[in-house]
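The values are calculated or read from the model by the stated rules, or taken from the named source; none is laboratory data. Bear in mind the structure is a predicted one, so any value in this text is a computation, not a measurement. Heads up, the Cβs are rebuilt from the backbone with ideal geometry, glycines too, and the neighbour counts pull from every protein chain shown.
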Amino acid sequence: MSNPSPMELPALDPDTGLVRVVIDTPKGSRNKYKFDARLGLLKLSRILPAGMSFPHDFGSIPSTCAEDGDALDVMVLSEAPLFPGCLVYVHLIGVLKAVQKEGRKTIRNDRLLATIETPVNKPAITRLEQLDSQRLRDIEHFLSSYNRAQGREFRITGRGGARQAQKMFRDAVREFAKTKGT
């Protein structure tokens with residue numbers, strides 16, 4: 001029996017009930033990586049302009065399907081950078097609601113925010129309201145600037161708390177199950 005690819009893992013860890021995130025791009029990286037399902041590998045997607053780097057680890061939740069057709073995107077707030085392909089268990093603390101426009105096409109492309117939990121490391125932040133407002137504005141600025149550098153318009157349309165993030169997560173798990181016919 002072969003092991004599942006990172007994107008075939010169940011979205012929830014059955015032992016802890018925590019959400020699984022597979023990191024594709026570490027905090028501080030100028031390199032943006034993306035999982036290639038056909039190859040079963042992470043590959044370099046793009047290199048960010050000089051002076052721009054990811055402010056936090058960035059990844060996705062396996063076995064989910066967001067409105068843009070990809071797995072749910074998550075910015076994971078951690079103190080030290082993780083590595084591409086690292087599996088972490090997280091608490092969803094909120095969502096940055098966003099629309100992305102590329103050419104004439106406009107799609108919803110929200111970003112969930114999460115904090116890590118391990119058996120010995122409990123998150124200090126469990127709700128969006130606990131996040132420093134400047135840190136949140138910095139994340140929003142990065143997302144807009146990052147997309148602008150790629151020739152896309154990315155606009156934050158609102159914020160939501162942990163409950164809204166959990167609802168988006170459940171909806172994306174259901175949508176993935178529908179697309180896979182399960």
- Pairs, first more than 15 Å from Ile125 (Cβ to Cβ) in the range 88-114, second of a type in the set (S, T, N, Q) and at pLDDT 95 or above, C-beta under 7 Å, six or more apart: Lys97/Thr157; Ala98/Thr157; Val99/Thr157
- Query: Quick check: is even one residue across the range 111-125 more than 14 Å from Gly94 (Cβ to Cβ) and under 15 Å from the mean Cα position of the chain (by Cα)?
  - Reply: yes
- Query: Pick from Gly28, Gly51, Gly17: which is surrounded by 12 or more Cβ atoms within 10 Å (Cβ to Cβ) and either touching a residue at least 24 places away in the same chain (Cβ under 8 Å) or not in a strand (DSSP E or B) (or both)?
  - Reply: Gly28
- Message: Step by step: first the residues of the range 1-55, then only those that are within 22 Å of Gly151 (Cα to Cα) and touching a helix residue (DSSP H, G or I) at 6+ places or on another chain (Cβ under 7 Å), then the one that is modelled with the lowest pLDDT. Which residue is that?
- Response: Phe35
- Task: Filter the range 20-66 for residues that are closer than 11 Å to Gly85 by Cα and among the basic types (Lys, Arg) and give the result.
- Result: Lys34, Lys43
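Only one of Arg111, Arg127, Arg163, Arg159 is at pLDDT below 95 and either surrounded by 18 or more Cβ atoms within 10 Å (Cβ to Cβ) or not aliphatic (A, V, I, L, M) (or both); which? Before the answer, list the steps.
Details: Arg111 fails: at pLDDT below 95; Arg163 fails: at pLDDT below 95; Arg159 fails: at pLDDT below 95.
Every option except Arg127 fails the conditions.
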- Which residue pairs have Cβ atoms under 7 Å apart, sit 6 or more places apart or on different chains, and have a first residue in the range 67-81 that is within 16 Å of Lys97 (Cα to Cα) and surrounded by 15 or more Cβ atoms within 10 Å (Cβ to Cβ) and a second that is at pLDDT 95 or above and of a type in the set (Lys, Arg)? Asp73/Arg111; Met75/Arg111
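Would you say Gly94 is among the small types (Gly, Ala, Ser), in contact with a Cys (Cβ under 9 Å, 6 or more places away or on another chain), within 17 Å of Leu143 (Cβ to Cβ) and modelled with pLDDT of 95 or more?
Numbers: among the small types (Gly, Ala, Ser): yes; in contact with a Cys (Cβ under 9 Å, 6 or more places away or on another chain): no; within 17 Å of Leu143 (Cβ to Cβ): yes; modelled with pLDDT of 95 or more: yes.
Considered against the rule, which asks whether it is among the small types (Gly, Ala, Ser), in contact with a Cys (Cβ under 9 Å, 6 or more places away or on another chain), within 17 Å of Leu143 (Cβ to Cβ) and modelled with pLDDT of 95 or more, Gly94 comes out as no.
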- Given the conditions (1) touching a helix residue (DSSP H, G or I) at 6+ places or on another chain (Cβ under 7 Å); (2) under 20 Å from Val22 (Cα atoms), every one holds for Pro119 apart from (1)
